[in-house]
Amino acid sequence: MIDLCVVKCDENEVKKKSKEIVEGLKEIYDNFNDSLIKEIRVEESVFGIRGSYNYNSKILTLYCINCVICVETIVHEIIHSNSYKRARDMYFEGLTEFLTLYYLKKRVRACLDHRFIDEICRINKEYEIYATFWGNLALIIGIKELWKYYSKGYNHNNIDNLVKNDIYKASFELAKRYNTKLMDLIDVIEKLE
């Protein structure tokens, strides 16, 4: 099962897997724009970096760690290409991570678990805190609305006012605004359709 979640550091294999992921993203997220990726590069990791997307050149670079690239990382970096916001603050990294987890749940369930337990592919703990916030919001407004916010900047019910605060204040405000109890990330992912 782990073989589903990693790709050999072979540029052709990575490009093939990337194409498959893009097709899946187009089915899940309305108006996913694959033309925002002009080139995919595969390189050896420097300082443990897993991937990057350059908004100006539209180049996606995936980095090999221990001769593999995590499928989760490929998904995460491809999703970055469609972000309306170029800044990579923790809120948007968390949102990208949440959208990645949602994709994994829908398309490659085995890799969802992998994202939480594998040493190389594990979710960044700080991203997890922010992903939890976005997951709770998705339960309230829906994944389609959340994707509109991520990809187009559509500010559903003034999301920007929520995210101007630190994550704990924003989470408290979210619970108060929508009169709901917040859940942890695993529970959120399980509840989302």
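The values are calculated or read from the model by the stated rules, or taken from the named source; none is laboratory data. These numbers come from a predicted model, not from an experiment. Note that each Cβ is placed from the backbone with ideal geometry, even for glycine, and that neighbours are counted across all protein chains shown. The area values use the complete protein model at the heavy-atom level, side chains included, leaving out ligands, DNA and RNA. Shrake-Rupley method; radii C 1.70, N 1.55, O 1.52, S 1.80 Å.
Some notes on this structure:
- Projecting the Cα positions of ILE59, ALA131, TYR154 onto the charge dipole of the chain (unit charges on Cβ atoms of Lys, Arg, Asp and Glu, taken about the Cα centre) puts TYR154 furthest along the positive direction.
- nm² value of the averaged projected area, convex hull over the Cα atoms of the chain: 10.2 nm²
- The tail of the calculated P(r) for segment 1-92 beyond 14 Å holds 63 percent of all Cα-Cα pairs.
- Close amide H partners of VAL42, meaning residues 5 or more places away or on another chain with modelled amide H under 5 Å apart, are LEU62.
- The charge dipole of segment 59-104, taken about its Cα centre with unit charges on the Cβ atoms of Lys, Arg (+1), Asp and Glu (-1) only, comes to about 160 debye.
- Magnitude of the charge dipole for segment 68-150, about its Cα centre and with charges confined to Cβ atoms of Lys, Arg (+1) and Asp, Glu (-1), is about 360 debye.
- The residues of segment 27-174 expose on average 45 square angstrom of accessible surface per residue, using a 1.4 Å probe on protein heavy atoms.
- Computed FRET value (nearest 0.05) for ASP34 with TYR178, which takes r as the C-beta separation and R₀ as 45 Å: 0.85
- Using a simple spin-label model with pseudo-atoms 7 Å out from Cα toward Cβ, ILE141 and LYS105 lie 1.7 nm apart.
- Shown for the chain: cysteine residues without a partner Cβ closer than 4.7 Å, namely CYS67.
- Unit charges on C-beta of K, R, D, E only; dipole of the chain, Debye: 580 debye
- Carbon and sulfur %, accessible surface of segment 6-192 computed with the full protein complex present, 1.4 Å: 47 percent
- Counting only DSSP beta bridges whose two residues both lie in segment 6-192, roughly 55 percent are antiparallel.
- For the pair PHE116 and CYS67, a Förster radius of 25 Å applied to the C-beta separation gives a FRET efficiency near 0.65, rounded to the nearest 0.05.
- Furthest towards positive pole of dipole, LEU99, GLY48, THR73, structure part segment 6-192, Cβ charges: LEU99
- Trypsin sites (Lys or Arg not before Pro) restricted to DSSP loop in segment 146-193 with at most 16 other C-beta within 10 Å: LYS164, LYS181
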